[in-house]
Each structure stands twice: as C-alpha cells, then as structure tokens.
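Shown next, in structure tokens, is the structure this report addresses.
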Amino acid sequence: MLLLNSVLTVERSLAASHQGKGWEKFTDAIIRAVNEQEHPVVFMLWGSYAQKKAAFVDQKRHLVIRSAHPSPLSAHAGFLGSRPFSKANAFLVSKGFEPIDWALPEKPDVQS
C-alpha cells in the first residue's frame, strides 16, 4: 500500500501553496514506476486532481478506483459509500492475491 499525494508539502493553512514547484513531476514518476509493475495494482484516485493521474495508468492491467476526496469537506460528495477498499480487495482476489486487511490495529505499536 502506497499513500501518495500529488504535492508532498504545503505551507501551513495555504492549500496547494506548493503546487507547481516540482512535486508533480516527482509523483508522476512514482506513478509511472508503479504502473510498470507486471503484477496488477490498484490505484485509488481520490478527488478530481488525483483522478488526472489515471492518464499514467494502464487500465487494462491495473484497477483504477475514482471517488471524491475523503476530506471532511467533500466526503459526503461521493466518497462515503463508494466502497474503495471492498472494490480493491475484490479485484485483488480476482487476480489470485490475498485481500488487504484494512483494519487499524487495536493498539498502535509506538516506538519510544
């Protein structure tokens, strides 16, 4: 599981403040590298900005799941009820892979 934003930094309280500063080239390269994997991969693209990254994905080999962003501002606009985790697991099982256990641990292992 790789969780990746298109832009990896931001100035506090200024959404998209580091957009267009080079992060997009870096994260596009990561998506292209993951796309080159021979085994099927699930790409969950949340929000309209992320969904543009589907252009880099071979959708005949991989699964692309699109939905609204899960942020509190837009979760009710299509993320809630979209079942991305169930869809991902169904795809993985259909390809002969084990499903992902998406549950959080009861007690996180905290290193001191």
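The values are calculated or read from the model by the stated rules, or taken from the named source; none is laboratory data. None of the values given here were measured: they were computed from a predicted structure. With ideal geometry, Cβ positions are generated from the backbone for all residues, glycine too; neighbour counts draw on all protein chains shown.
In segment 71-84, the qualifying residues are those that are within 14 Å of the chain's Cα centre (by Cα) and within 18 Å of Asn5 (Cα to Cα), and the one that is modelled with the highest pLDDT is Pro84. Residues of segment 71-93 that are in contact (Cβ under 8 Å) with a residue 40 or more places away in the chain and more than 21 Å from Ala50 (Cα to Cα): Leu92 alone. Restricted to segment 21-112, the set of helices (runs of 4 or more DSSP H) holding at least 2 residues that are hydrophobic (A, V, I, L, M, F, W, C) and more than 22 Å from Val10 (Cβ to Cβ) comprises 23-35, 84-94.
Table: residues versus (1) touching a residue at least 40 places away in the same chain (Cβ under 8 Å); (2) surrounded by 15 or more Cβ atoms within 10 Å (Cβ to Cβ).
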{"position": "Thr9", "(1), (2)": "no, no"}
{"position": "Trp23", "(1), (2)": "no, yes"}
{"position": "Phe26", "(1), (2)": "no, no"}
{"position": "Leu45", "(1), (2)": "no, yes"}
{"position": "Ala50", "(1), (2)": "yes, yes"}
{"position": "Ser67", "(1), (2)": "no, yes"}
{"position": "Lys95", "(1), (2)": "yes, no"}
{"position": "Pro105", "(1), (2)": "no, no"}
